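Student: Take a look at this one; I'll ask things after.
The values are calculated or read from the model by the stated rules, or taken from the named source; none is laboratory data. Keep in mind it's a predicted model, so treat the numbers as computed, not measured. Here the Cβ positions follow ideal geometry from the backbone for every residue, glycine too, while neighbour counts run over all protein chains shown. SASA here: full protein model, heavy atoms, side chains in, ligands and nucleic acids out. Shrake-Rupley method; radii C 1.70, N 1.55, O 1.52, S 1.80 Å.
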Amino acid sequence: MQVIGTIAELRALRQQLSGAVGFVPTMGYLHQGHLALVRRARTENSTVVVSIYVNPTQFGPREDSAGYPRELNRDLDLLHSEKVDVIFVPSDAEMYPPGFSTWVDVENVTERLEGASRPGHFRGVATIVTKLFNVVRPSRAYFGQKDAQQTAVIRRMVADLDMGIEIVAVPTVRESDGLAMSSRNVHLSPEERRAATVLFEALTLTRELSRGGEKDAEEIRQQMTSLIQKEPLARIDYVSIADASTLEELSFIDRPALASLAVTIGKTRLMDNMPLE
Ligand code: PAF
């Protein structure tokens, strides 16, 4: 396993690689959800590259990239156990050198849900992922279904800019009570951790309603909302029943749809989603 800090070194190494390269971009503080991406990449590629970089430009003015949890040595041990070949751990100066002024803006799909709640977030994500793609030049890149909108944005960008990279969405890994694994879960107190299961309960209700033949999206949104409102520690940011690829809200479910929600428990904003067949 090689740990590389500069773009120049990574480029030099990339030139020597033959065969498919699978890439897993991360912000570190790895959990089982990240490891599921790495394992999938390991089975499908000759070389696996993982990046660990807390990208400051995808955090909003009221969010704190400096406070993002970090545990590099633990992350490196985990990736070593997963037989990752290359780990790219660049500095801010490497990724955003003085004079940096080029941004990637994906329209439409970024304007809703997370994009509406966190203006500028997807511009930061699309820019850093483009830069990482340019350096790593992967055959495939792996993203979690948990961040369904991020995956939709990256798919759009890769298609629009003809990047020629296969985007693989890997199913969400959950705790035994259904809570989606996330680096943010560490911020929950025991009482908040219990309350956080309301997200999965709301999504399970949605799936049951949908499987039972309910097609009225507003009816489903209302039922999700009233279930979450019964949890005193939960504050709803959004509940959504949307077209699975454009994320436009639906009034009637007549195509592949995505149920998604963002809920703040205490001070921790959690999000989750479930595809509706
Ligand atoms: O999903 C994440 O961890 C980040 O948004 C990503 C894709 C690594 C870009 O910084």
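Student: For residue 28, all conditions in the list (1) under 19 Å from residue 140 (Cβ atoms); (2) touching a helix residue (DSSP H, G or I) at 6+ places or on another chain (Cβ under 6 Å) hold save one; what is the number of the exception?
Tutor: The single condition residue 28 does not satisfy is (1).
Student: Given the conditions (1) out of contact with any strand residue (DSSP E or B) (no Cβ under 8 Å at 6 or more places or on another chain); (2) of a type outside the set (Gly, Ala, Ser); (3) within 15 Å of the ligand (Cβ to nearest atom), which single one is not true for residue 108?
Tutor: With respect to (1) out of contact with any strand residue (DSSP E or B) (no Cβ under 8 Å at 6 or more places or on another chain); (2) of a type outside the set (Gly, Ala, Ser); (3) within 15 Å of the ligand (Cβ to nearest atom), residue 108 is out only on (3).
Student: Looking at 5, 28, 33 in this structure, which one is of a type outside the set (Val, Ile, Thr) and farther than 24 Å from residue 175 by Cα?
Tutor: Within the list 5, 28, 33, the selection yields 5.
Student: Please find, among 156, 137, 123, the residue that is farther than 21 Å from residue 21 by Cβ and touching a residue at least 60 places away in the same chain (Cβ under 8 Å).
Tutor: Working: 156 fails: touching a residue at least 60 places away in the same chain (Cβ under 8 Å); 137 fails: farther than 21 Å from residue 21 by Cβ.
None of the other options fit; the residue is 123.
Student: Follow-up question, since we're still on this one. Yes or no: region 58-68 includes at least one residue that is open to solvent by less than 60 Å² (accessible area, probe 1.4 Å), touching a helix residue (DSSP H, G or I) at 6+ places or on another chain (Cβ under 6 Å) and farther than 23 Å from residue 18 by Cα.
Tutor: yes
Student: Restricting to region 252-262, name every residue that is part of a loop (DSSP other than H, G, I, E, B) and touching a strand residue (DSSP E or B) at 6+ places or on another chain (Cβ under 8 Å).
Tutor: Listed by number, the residues that qualify are 253, 255, 256.
Student: What helices (runs of 4 or more DSSP H), lying completely within region 125-214, carry at least 1 residues that are within 16 Å of the ligand (Cβ to nearest atom) and buried (at least 19 other Cβ atoms within 10 Å of the Cβ)?
Tutor: Output list reads 148-160.
Student: Quick one: residue 121 ticks every box in (1) at negative phi; (2) more than 12 Å from the ligand (Cβ to nearest atom) except a single one, so which number is it?
Tutor: Tallying (1) at negative phi; (2) more than 12 Å from the ligand (Cβ to nearest atom), residue 121 fails exactly one: (2).
Student: Still on this structure, please answer the following. Might you let me know whether region 247-260 holds any residue that is open to solvent by 40 Å² or more (accessible area, probe 1.4 Å), of a type in the set (Phe, Trp, Tyr) and farther than 27 Å from residue 40 by Cα?
Tutor: Yes; the residues of region 247-260 include at least one that is open to solvent by 40 Å² or more (accessible area, probe 1.4 Å), of a type in the set (Phe, Trp, Tyr) and farther than 27 Å from residue 40 by Cα.
Student: While we're on this one: More than 17 Å from residue 112 (Cβ to Cβ) and within 22 Å of the chain's Cα centre (by Cα): which single residue out of 177, 243, 237, 272 fits that description?
Tutor: Numbers: 243 fails: more than 17 Å from residue 112 (Cβ to Cβ); 237 fails: more than 17 Å from residue 112 (Cβ to Cβ); 272 fails: more than 17 Å from residue 112 (Cβ to Cβ).
From the options 177, 243, 237, 272, the qualifying one is 177.
Student: Quick one: would you say residue 73 is open to solvent by 40 Å² or more (accessible area, probe 1.4 Å) and over 19 Å from the mean Cα position of the chain (by Cα)?
Tutor: yes
Student: Next question, about the same structure. In this structure, does residue 53 turn out to be out of contact with any His (no Cβ under 8 Å at 6 or more places or on another chain) and open to solvent by less than 40 Å² (accessible area, probe 1.4 Å)?
Tutor: yes
Student: Which is out of contact with any strand residue (DSSP E or B) (no Cβ under 6 Å at 6 or more places or on another chain) and either within 24 Å of residue 151 (Cβ to Cβ) or more than 15 Å from the ligand (Cβ to nearest atom) (or both), of 90, 25?
Tutor: Going through 90, 25 in turn, the sole match is 90.
Student: Right, next: Only one of (1) of a type outside the set (A, V, I, L, M); (2) out of contact with any strand residue (DSSP E or B) (no Cβ under 7 Å at 6 or more places or on another chain); (3) away from the ligand (no atom under 12 Å from the Cβ) fails for residue 85. Which number is that?
Tutor: (2)
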